[in-house]
1. Collect residues whose amide H, placed 1.01 Å from N in the peptide plane, falls under 5 Å from the amide H of N714; neighbours closer than 5 in sequence don't count.
2. Using a ≥ b ≥ c from the Cα gyration tensor of region 1-115 (square roots of the eigenvalues), is it rounded, prolate or oblate, where a/c under 1.5 gives rounded and otherwise the larger of a/b and b/c decides, a/b for prolate?
3. Can you pull the percent of region 418-537's accessible area that's carbon plus sulfur, 1.4 Å probe, other chains left in place?
4. Could you tell me which trypsin sites (Lys or Arg not before Pro) in region 1121-1184 are loop residues by DSSP with no more than 16 other beta carbons within 10 angstrom of their beta carbon?
5. Per residue, how much accessible area does region 137-183 show when a 1.4 Å probe rolls over the protein heavy atoms, in square angstrom?
6. Taking all pairs of distinct Cα atoms, average 1/r, flip it, and tell me the Kirkwood hydrodynamic radius of region 271-416 in Å to one decimal place.
7. How much accessible surface area, in Å² rounded to 10, belongs to the heavy atoms of R682 with a 1.4 Å probe?
8. At a probe radius of 1.4 Å, what is the per-residue accessible area of H1101, in Å² to the nearest 10?
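The values are calculated or read from the model by the stated rules, or taken from the named source; none is laboratory data. In this text, all values refer to a predicted model and were calculated from it rather than measured experimentally. Cβ placement follows ideal geometry from the backbone for every residue including glycine, while neighbour counts extend to all protein chains displayed. Keep in mind that these areas ignore ligands, DNA and RNA; they rest on the heavy atoms of the full protein, side chains included. Shrake-Rupley method; radii C 1.70, N 1.55, O 1.52, S 1.80 Å.
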Amino acid sequence: MLGPGKTAPLLLQDLLTYDPRYESLAGRNLLTSPPPHHDPHAAPTSSVPRRNCRHDVQLKEEQSAVPQKGIDPDENTTYRVAVYCRNCRWHFDIWVDFRDDGPQNYPCRKTNPDFPLHHFMFSGEEDPLRSESLGGHNKPRSYSFYCSADKCPVVLRIRIHPPRLSDSDVALLTDPANLRRRWERAKEINGDRADPDMAQSIDAPNFLNTYLHDSFNPTKGKTRIPLLNRKFLKTFGRDCDEILKKLGFTFAVEVDADGNSTDGWYLPKPSEAQHPLDSLETTTRNIIDDARFELNAIILGFPESERSTARRNPMTLVPARNYIELALGCDDYELRQGGRRETRNSHREEDHPYYAGLGALADFADRLLIFAYDRQVAMDPVNTSYYFECLKDLAKGRDSEMLFTQSAILESQGLFTRQDVVHAYRTLGIDPSHATALSDDIITNQFKSRLSDIGPRQVEEARSALRIIGLVRDSDMIQRAASNSIETYAEALAWLNLPDSVELSGDDFVITMFTSKVNDSPEEADTGRKAVRVIADHRKSQRLWQWLETGQMDAAEMDAAEAYATLGITDRSSKLDPSVLQTLYDGMISDSPENAQRLETALQKVRQDQENSYGSDQQPSGQNFELHEWPVGCCNIGNTCYLNSVLQFLFTVKPLRDMVIDCDKHFQDLSPEALEPKRVGRTAVSRARAETGQQFVRELQTLFKRMITANEHNIRPERSLAALALTRGESTDIASESNAPTRPSSGLGKIGDMPVSGPMLPPGFHTTSLPPSPADSVMGDAEGDADSMKAMDLTASSDKPDNTVTTRSEPPSRPPPIPPRPQATVDIGLKKLEDVAQQQDAAEILNNVFDLLSCAFQGEDVLQDGEQLDLIKKTFFSNVTTVRKTKDKDIPKSDLQDNLLVSTKGRDRSICAALDDEFGLTELEGGVTKYEIFDTAAPVQIINVRRLQFENGRARKDESHLALDKVLYLDRYLKSTKSLSEEKLQELRNQQWQLQAELRALETRKKLIKETDFKDVDLPGVLDETAVLVTKLEEQSPEAASEPPQASPKQRDPSPVPQGTIAEQLNKRADELRPELAEIHDRMDKLEQQIDSVFENCKDHPYRLHAIFMHAGSHSGGHYWIYIYDFQNDIWRKYNDETVTLESEETILKKVEQDRPPTSTGIVYVRDDVATEYTEALHRELHEAKGSQNGETTQHGDVEMTDAPSSNVVHVDDYTKLEVLDGQEK
């Protein structure tokens, strides 16, 4: 548990001033909680309530095993120092355990230069609910601490117990009024036999002490006290029965031989004495011993004149403080020069709060203060700025050269104080008191907004301020903005002063802004190129990659939006009559034959887009099934084939589908009070973010209902749904623009306030118009949708993509022409949607959908890190622990993950082999290794596959086959299973890791043999090619081959010349390498089988294959579809946009042998015991369709095709019949 700690001297001082009776007055537990941060501008306050007892502790020798001066503890040592306070009579039991714990075998001590003192961290209270219970302040409590030094084994336990005799007990025994009542009662009982004098206040403690002493050494005849004994009756009477019983006295009635009965008390019977370390439990002997020490303290509180009448002399006091200091290793720590040890228990003065902040005392030597600072920072890095402030201020107060030097060193390393943080916020115009309510985005944007209004010097001050804020908030985003580093797409756009909108910052405009900035500041050329590369990688832009390599950029290919604009079509949301489209094209060709090639390209693009959106002449989805027994397809509305696959998958998850359909019952309350604690993705959820999520859920609800009730084979998702699913954050600009009215063309004007388009030159061909904005990228080589969204997983780290051109041209020396803004005829919303879709990969869309759903719905609970617990987390998120193994210890770190990321590593392999790599032992820098395990595995497991790879600086798609198991057993990846303990599973993992280490060695050797500088040629092939080349040289010039150049004796190689020609030797070497490469492949396959067999009997946790996301095409583009298994009907279906067909399991799971084969990019497994409960692929409740005339219902089936007008078909020559409202077909 990280947090501030205390050095042993401060912990002892806090113990000696900790008074449980007044803990509530202090507002905190003085012993276990860190002191509040000192505010130098506030009025000073005492850290110890003035009523607290300053304990004067005395040793209880029989209950203690104390250290001896000059004898160091060893690996078997445990100390116990049992003490009591002679003032408040509370008891303290201090256990210090030095026993070794593996590598923890080097205790802190004065002779240890690195750890001269123990630095204790509070680890817990035995009964944490004690303080909340009634009378909790007077109950026993037990606290545990451990030393924070890595190699120190010391564990400290402090048990605190209230007095055996309470204050009311003491008052009952000693108060004169009580004694007088007892004496009056004794006279009534005994009459003339009663004692003539009243008992004195010291008598009851004195007699009781004597009785308890006698109980340890019982003498015959002295174990019983008659109730009517004159002294006992007037001193104790019957008022003190409960006190006597509490101390172990027993009341009995004796009958003598004559039948006479006598009442009396018998002395306690203490348990046998035992060694103090034998048990932590309290015995009856301990209770009696404690009571004697308390009575002794009470007796010593009377004046000497009264004590002279005592029947037994008080026990000798043994001060215990020195023994505690010896046990804690702080009896002789180094003191400041000229200083003296000052503690709060001897007077009311206190050290400056900055000392307590460092966990130190004011009498520490400077070296110990630096040690205390280092330990606090190591254990509580979040508050480094406060500890630095403490050290810096104390250096000034002590006028210490050593502390001044250390402060200067730390300051040069970038450390800062809290005052620096306040100044940093104010430098950026932010009220420090509002800082906790501001997001990192707001702070970064505030910084950026000030840059344009300040000079270079102030810019550096602003960056310094932002860096401090980034460090104190532990924000990578803010720190990157402060350092002017460029790691993310947003940072790259910001550096080039480009808008977020893709269409307003196209590839051409990116280069324009780069050139402009570099012309102004040539020294920033490298930073600018990095910004361009980040944008290129994010967009997967071949044109920007080409520019980075060659300094040139080809003209952009036309996209669908530009194609519509070229043909003068303003409304892309309606189906076009093919014959009208052809007529429009023919007219344009006739008017502008010189643009025939461009118009032909536009025509083909529009036809493809229409086919994607409205289908072709192929048979509809589920053609051999009735509507009620087959799922519907989802039409592609523009680069949304992957989104369609995601929507189909989400629909099959029954709990999620039910919640979406019945969303009103589950929506988040949007009041500020309800949103204040809500955290999704470890980020506070604003009202706008929650509203965006609920807007998305509404759209998804509409879609799901249509998928259930539609009387057709496929439906078309709303563009607003796609926009919300594809965009992150609180902005809904794309969603709103996607349904906004399009701007009218300037071509033929308007008829009836409606834009007119017709067979005339498109805006791009007018000499007064600028050409349409070029598209960012296309996927012309893809199978399927030419404009389908790009589908590669981009989370894999890789080298920078390079072009195959060997020479690199410098970027243009002057800016290219500024590219035009989008034309009025382009449907801005749809273009934005397509551009965003092109930039999305599998994990991004699903993560965004999960984020939207969590923001929209009310949480069920809160997780430890404040994250909202909801249906999404419970269904899709696993708790994965990453364990980093260092030389000294294992460091676990848990995190919630909604997917696993695996790689085929460029060869065919099984899903288990890929998962073994991700969860297996991985070597990191500095001899550190790591592995991962499931703490808890979600019922639905999503596994994403890295498909985008870079080789020789070029991007490519990894087309290796990933063999999928119908049933996947997760036992090997779990912390423990039903049949195997955590230790047994770890033994099996160790076996697996040994085999994996051999596998990695083979992979390294394979890479050495296989990879060359020749494209698609391995090393044996290179040697063959070299042999052919040498043979040709020999044939052309035999002399050159047979007569080596003259060389001096010193230059000649003395080694023997190999037999045969160079060509023969190269061929021979190639022949040697080929079988080695084959052997490596064979051995790797066998090793993976062995690795898999280690866990072959671990089958407690089966998961069944439910869905497979597929992609066909190249790294730069292609088409998505999904296979989904129907558990209820035991069949597989292929969901390919609007088409849903039956598919065989064999076809789905087998490897496809073809060029550019389709590959899996995402796999979904569902836990076997909930597979039918959590998934339902088919869920249809059809609405009946009314007959055309007589009201009868008709079934969907074969329909006679007739010529009938369609409201969805736009006839260019009949504008007046168009039904348009706000630019949308109705």
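1. The answer is G633.
2. Since a/c reaches 1.5 but b/c is at least a/b, the shape of region 1-115 is classed as oblate.
3. Taking all protein chains in place, region 418-537 shows 50 percent carbon and sulfur surface.
4. K1150, K1151, R1180
5. Each residue of region 137-183 exposes 40 Å² on average to a 1.4 Å probe.
6. Roughly 19.5 Å, rounded to one decimal.
7. Counting only protein heavy atoms, R682 exposes about 140 Å² to solvent.
8. Only protein atoms counted, so the area is about 40 Å².
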